[in-house]
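What follows is a set of notes on a single structure, which appears directly below.
The values are calculated or read from the model by the stated rules, or taken from the named source; none is laboratory data. All figures in this text were calculated on a predicted structure; none of them were measured in a lab. Cβ atoms come from the backbone with ideal geometry, glycine included; neighbour counts cover every protein chain shown.
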Amino acid sequence: MPHVIEWSRAYAHRLTPDSALTFKARSGPIARRLAQECAAGELPFLTMGFRPKLEREMAPLVPRIKGYRHMLVLGIGGSALGARAMQRAFAPGQDGPGHSGPWLWIADNVCAERFEALLGNLVPAQTLVVCISKSGGTIETVVQYFLVRDWLKDALGASWQEHMIVVTDEQKGYLRQEANRHGLTALEVPDFLGGRYSALSAVGLLPAAFLGIDWRALLDGAASVARPLAQNPDSVGDSPSFALACWAKALEDAGYNQMIFFCYIPQWAAYGDWFAQLWAESLGKEGQGSQPVPATGVTDQHSINQMFLSGPRNKACLFLTSREQVQGRNFGMDVPDQWAWLRAKPFGSLLEAEALGTRMALCKSGVPLLHVEMSERTPRAAGALMLMLEAATLFTGWLMDINPLDQPAVELGKRLANARLGATGYAQENADMEEFLSAPRVEQTF
Ligand code: PA5
């Protein structure tokens, strides 16, 4: 059964169907660019040429990694969010009672307290550390690598290397040097596969495989969407990704500067954070872009939904549901009269009813909405969804005439933090910081 994007409510309020036509008319140049960049190897998330090597390297590694009780991932941004989404979607046991392993821990923040709790409680002999960084130089990841390497060495001596795998660029970067220096097992993040487009490479799939998730099915799902685009770029004009991109660009031009990702597949809620990073880092450029707003159904009906429905009319919505949901146990026939209409119905019927109710309410409030209906919620389906959204993000960026594959604005904060820590070569940043800190403070206590 195919997954479906339902378009009947896409154009609402001040967004007219005509508004996307100008962008749809650009499918010719977009197809040519797609063909060119695929041929040049610049879009590996679509061409997936890395797959055979990845499969060759992962297959023998999986039995080894499954020998551990714990996997500790060090990584941030695109090097962490895909793995977390897959963990929550397909191996949710760790968050529930009675779980007896395996356990995946993702250290994607600078939080000394949490880090101490992890290193204080994990047993090095039972733990595999996976250090993930495309650049191999991201400070948050590298500093955790230093500390974890000491932790492993202290406990395990010379055999510490067996407990560490690196996922990084094939040639460049500090972590690649470390892998070479210490003979660490290393998997490659292919050239041109930027962090937020890399979840379906070793970056996300190694943690997924550790959890017993069908990582090949994730790749198969992605390939089912990627293949037609990569092999026949001229078909881009008919692709759902391109249609979504035209809609997104039309929205932005009409002043809709927030994109809700309303996930009514509760197990997939963490895909909201994955999508938010993909959309924001790719498209927030040159004063353009729409702010992604991840929301979880039904939880956020009792939270931020009020703002969606009755706040500023600047929001559009990607509304995600699945036709495959466990219904759970039924309500008894002794449910009190005031709730009699629930009798004999399954618990799961609430999710379907509330999803419909909220979707209708959003539409009635004039929120332009695309309903993405997944026919199932398997790893294969998730792979297809991820790829469809990645391609849509890429095409939206191209329609905006910005580069959706870089993220230059976030560099300034990193340089300033390095300067603050005493790194050399940051004279300008040091001077700017001095000026910033010299401004008289304006304080109000509470
Ligand atoms: O999407 C991106 O490119 C970024 O968010 C990166 O994933 C993040 O900055 C981490 O980079 P790296 O994988 O090089 O450590």
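Quick notes on this structure:
- Of the candidates Ala85, Ala89, Ala107, Ala80, the single residue that is within 16 Å of the ligand (Cβ to nearest atom), farther than 25 Å from Asp150 by Cα and either in the same structural domain as Asp191 (by TED's automatic domain parsing) or modelled with pLDDT of 95 or more (or both) is Ala85.
- Given (1) within 16 Å of the ligand (Cβ to nearest atom); (2) of a type in the set (A, V, I, L, M, F, W, C); (3) more than 25 Å from the chain's Cα centre (by Cα), number of the condition Trp151 does not satisfy: (1)
- The residue pairs whose first member lies in segment 13-24 and is on the phi > 0 side of the Ramachandran plot, whose second member is modelled with pLDDT of 90 or more, and whose beta carbons are closer than 6 Å, counting only pairs six or more residues apart or on different chains, are His13/Gly366.
- Failed item in (1) crowded, with 21+ Cβ neighbours inside 10 Å; (2) in a helix (DSSP H, G or I); (3) more than 16 Å from the ligand (Cβ to nearest atom), with Gln267 passing the rest: (1)
- When the test is whether a residue is surrounded by 21 or more Cβ atoms within 10 Å (Cβ to Cβ) and closer than 25 Å to Ala91 by Cβ, Ala179 does not pass it.
- Count - residues of segment 154-186 that are away from the ligand (no atom under 16 Å from the Cβ), touching a helix residue (DSSP H, G or I) at 6+ places or on another chain (Cβ under 9 Å) and either at pLDDT below 95 or within 18 Å of Ser198 (Cβ to Cβ) (or both): 0
- Applying the condition of being of a type in the set (Gly, Ala, Ser) and free of Cβ contacts under 8 Å to residues at least 12 places away in the same chain to segment 295-316 and asking which residue is surrounded by the most Cβ atoms within 10 Å (Cβ to Cβ) yields Gly311.
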